[in-house]
Amino acid sequence: MSDEFLAVATREIGEDLAGLEAIFTICKNDRDVISNADNFQKHTHKIRGLAPMMGKASLGKISGSLDTLLKTVLPGNDVDGIFDLLSEILPFMKSLMADDACDFLAVEEKISKIQNVSN
């Protein structure tokens, strides 16, 4: 993998993580998150694909799980706990991008929380 690719991919994922945070700042509850699911999903989908290509497989897995959840929510449907989930997951995703050392147990725990909210 070239240094140029890694630099571009790092910048793009950073922009997508910032985009997720920006959307989240306007959300106050589960319904706000649900009404912005499409906007969130645009970023999670991109991170899902790009992160593994630059050696950030854990970030890709979490983003993929979140992406799947966001695809299933529809405006008007309640998904209890999705706001709280994002308040926990988004900073964790950012930390995975910043730190190469990964606690795989923590990653699996976050993925499990995502799956529990979707069930």
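Annotations
- L6 being of a type in the set (A, V, I, L, M, F, W, C) and surrounded by 14 or more Cβ atoms within 10 Å (Cβ to Cβ): no
- Residues located in region 39-64, provided they are among the aliphatic types (A, V, I, L, M) and crowded, with 18+ Cβ neighbours inside 10 Å: I47, L50, A51, M54, L59, I62
Computed from the coordinates by the stated procedures, all read-outs in this text should not be read as laboratory data. All figures in this text were calculated on a predicted structure; none of them were measured in a lab. Ideal geometry is used to build each Cβ from the backbone, glycine not excepted, and the neighbour counts take in all protein chains shown.
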